[in-house]
Amino acid sequence: MPKRIFHNPLTRMKVNQQLILLFVILVGPVFILNWYANTKTEQILKKLVTNAYIELNKQNHLLLNRDIDTIHRVMTTIIQNPQVQQMQASQEDALDRVKLYETTDKLISTFSMGLSGGGANYYYLFVYDPLNQYDFAPVSNSLYKSGGVYFYSDRSKPSWADDAISRKGRGYLKIIDGFGLTSESKTLAYIRAVNSATSGRAIVGVLIATNMEKRLVQSLQTVSLPDNGEIYLTDSNNVVLASTHSSLGETLALPAALGAKVDNDGMASVIEAGFIYVMQASPELNQKLVYRISTEALLKQQNEVKRAIQWISIAYSLFAIVVMAYFWRSLLTPLQRLAGFVRSYEPGRRVPEQDGAKRNDEVGVLIHSVHHLAHRLNSLIEERYVMDIKQKESQLRLLYQQINPHLLYNTLESIYWKSTLEGNSDSAEMIKELSKLMRISLSRGRELITLQEELEHATAYTNLQLKRYEYEFRVRWDVDPEAADALIPKITLQPLIENAIQHGVRNMGEDGLIVVNVRREGDRVIVEVADNGYQKVDFEWLNRIVREPSGESATGYGIHNVYERIQLHYGPEYGIFYSGTPGGGTTATIALPYQASDGQAE
């Protein structure tokens with residue numbers, strides 16, 4: 001039986017046909033896989049993009065809150081200003097009220113903050129004036145200028161005033177009318193009540209900042225979304241507060257499913273009607289931040305990626321080996337060096353020469369950027385160190401500026417009462433003591449003076465108080481000569497002696513005794529101000545308010561000022577401590593490091 005011969009079908013084809021078939025067999029599955037992968041990629045892309053914009057939304061919300069917090073801090077500065085606090089309705093004469101209004105109006109205008117693209121955040125202080133004592137000032141129904149002070153009564157109260165007062169100092173955003181060049185213009189305002197710092201629940205008025213929508217839009221525009229992407233900041237009723245597309249006050253139409261998908265973090269996302277919606281709701285702030293992204297624009301970018309992948313696949317089949325060798329030499333090797341530098345780099349370490357300095361491609365830019373970042377980090381470390389020093393210097397200057405007026409006012413009051421009760425017989429001597437007091441207080445700009453100078457300052461103050469209270473108490477000075485040249489922050493003893501007089505020996509007559517004891521103990525200097533006062537003192541409470549003053553007591557504030565200055569100069573291991581005096585009374589003890597003076601602090 002003859003053998004049957006089986007012929008391979010490939011042997012009947014020409015070589016070029018076989019190569020074409022082989023190419024189709026090899027390449028065909030690649031294109032099929034590309035089609036399947038692109039379909040799945042489209043689905044995954046929507047999900048990944050949604051998740052990415054959820055995180056971006058969170059960061060964007062924090063950025064908006066930072067802008068609002070900036071305005072809130074500026075308002076806190078305005079509210080705490082003594083000039084603003086004095087605007088509360090009082091019985092001052094008309095001239096004083098006119099001067100107070102003019103200076104406060106100028107003060108409020110200086111806080112305006114310019115915005116890029118024109119405009120500014122203007123601040124308006126609406127003062128509650130039920131007695132109509134400021135009838136010479138503009139009223140709330142007139143056109144507003146660029147910030148300033150206005151007044152309202154119970155009858156002319158703005159509609160948003162009660163809402164602001166009910167929030168007890170917490171600010172909120174609200175769209176209001178009548179601010180700007182026309183009385184019908186709308187603006188997004190940040191509103192906050194101004195409470196009296198001295199009268200408990202008393203209300204000074206309401207403070208607002210306008211043009212918040214422009215400030216917030218600047219932050220919204222920093223976010224890059226695909227073509228036609230839209231960002232909205234709305235209230236809980238979907239009324240637009242700021243947006244990259246819509247007008248202020250419009251109502252934004254959102255899918256009903258979006259509100260039903262809010263999670264515990266306030267985040268929600270939904271794909272509906274050709275758009276991707278990403279939202280973060282903040283019920284406590286009564287706000288929503290919404291992204292609306294067109295899926296068409298998103299897929300358009302994805303289609304470009306698909307075509308690029310196809311061409312890359314074809315090119316990779318022909319040039320894979322060549323490309324691999326090229327990129328191994330020109331890309332992978334420099335990146336390996338860069339990775340080694342990043343792993344070994346420590347802040348402050350010297351940055352080596354840049355390997356990619358002569359390259360203009362992405363690798364060169366990356367290498368240059370990393371090395372520049374390392375240089376910048378080193379510079380920031382140095383700048384932070386310098387800033388910390390300057391911050392401490394600024395804090396010290398601020399503390400001195402706070403305590404000097406307080407001392408001056410008390411001294412002038414003493415001179416006033418002495419002149420009123422006894423005529424002018426002792427005024428010259430008191431003024432002499434006051435001159436010494438002020439000279440040592442200024443100390444030609446020095447922050448540290450010798451204990452000898454500080455004792456002269458305290459003696460001058462004590463002499464004034466002895467004359468004021470008709471020598472109703474006695475003062476004894478026990479000073480160790482070895483400690484007289486030690487350095488001490490100026491105006492340290494005066495607040496302690498003032499407390500001893502006011503709360504210790506003031507009403508004791510000649511039985512009252514204040515003892516100032518200064519001694520050196522090794523490398524430390526101990527200063528004690530003791531009185532024999534008869535009043536019961538809660539020393540635990542007293543030491544607590546020295547470190548954390550409540551703001552309700554001027555004495556507590558002054559002692560806290562001394563405590564903070566000591567710690568700023570010498571560190572947390574030094575300060576003030578109150579304890580009982582043997583036999584009754586109160587002792588304030590100050591511990592300082594011994595630093596001898598040779599004309600300058602050591």
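The values are calculated or read from the model by the stated rules, or taken from the named source; none is laboratory data. Here the structure is a predicted model, which is why all the values come from computation and not from measurement. Neighbour counts are summed over all protein chains in view; Cβ atoms, including those assigned to glycine, are modelled from backbone coordinates with ideal geometry. Side chains included, ligands, DNA and RNA excluded: accessible areas come from the protein's heavy atoms. Shrake-Rupley method; radii C 1.70, N 1.55, O 1.52, S 1.80 Å.
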Q: Run the quick spin-label model on residue 146 and residue 517: label points 7 Å from Cα toward the beta carbon, then report their separation in nm to one decimal.
A: 6.3 nm
Q: Return the long-range amide H neighbours of residue 275 (sequence gap of 5 or more, or a different chain), with a cut-off of under 5 Å between placed amide H atoms.
A: 295
Q.
Suppose the chain between residue 55 and residue 239 were pulled fully straight at 0.36 nm per residue; how much longer would it get relative to their current alpha carbon spacing?
A. 63.9 nm
Q: Can you tell me the FRET efficiency between residue 170 and residue 393 if r is taken as the Cβ-Cβ distance and R0 is 51 Å, rounded to the nearest 0.05?
A: 0.90
Q | Sequence of 541, 160, 311 when ordered by accessible area, the most exposed leading, probe 1.4 angstrom | A | 311, 541, 160
Q.
Skipping prolines and chain starts, which residues have an amide H placed within reach, meaning under 5 Å, of the one on residue 151, given they are 5 or more residues away or on another chain?
A. 127, 140
Q. What distance in nm separates the simple spin-label points at residue 567 and residue 480, each placed 7 Å from Cα in the Cβ direction?
A. 2.6 nm
Q.
Not counting ligands, DNA or RNA, and with a 1.4 Å probe, what is residue 47's accessible surface area in Å² rounded to the nearest 10?
A. 140 Å²
Q. Got a sec? What order do 594, 563 fall in by accessible area at 1.4 Å, biggest, i.e. largest, first?
A. 594, 563
(Q) Probe radius 1.4 Å, ligands and nucleic acids left out: which of 476, 384 has the largest accessible area, and how do the rest follow? (A) 384, 476
(Q) As an exercise, use a Förster radius of 35 Å and the Cβ-Cβ distance of residue 110 and residue 365 to find the FRET efficiency, rounded to the nearest 0.05. (A) 0.20
Q.
Taking the full set of protein chains and a 1.4 angstrom probe, give the accessible area of residue 246 in square angstrom, rounded to the nearest 10.
A. 40 Å²
Q) When the chain is fully extended, how far beyond the present Cα-Cα distance does residue 385 get from residue 471, taking 0.36 nm per residue of separation? A) 25.8 nm
(Q) If I model a spin label as a point 7 Å beyond the Cα along the Cα-Cβ vector, how far apart are those points for residue 262 and residue 539 in nm? (A) 5.5 nm
Q: Set the Förster radius R0 to 41 Å, insert the Cβ-Cβ distance between residue 222 and residue 93 as r into 1/(1 + (r/R0)^6), and round the FRET efficiency to 0.05.
A: 0.20
Q) Going down the table (106/174; 168/490; 40/288; 106/157; 40/214), which pairs top 30 Å between alpha carbons? A) 168/490; 40/288; 40/214
Q: May I ask you to compute the full-extension gain from residue 574 to residue 372, defined as 0.36 nm times their residue separation minus their alpha-carbon distance, rounded to one decimal in nm?
A: 68.5 nm
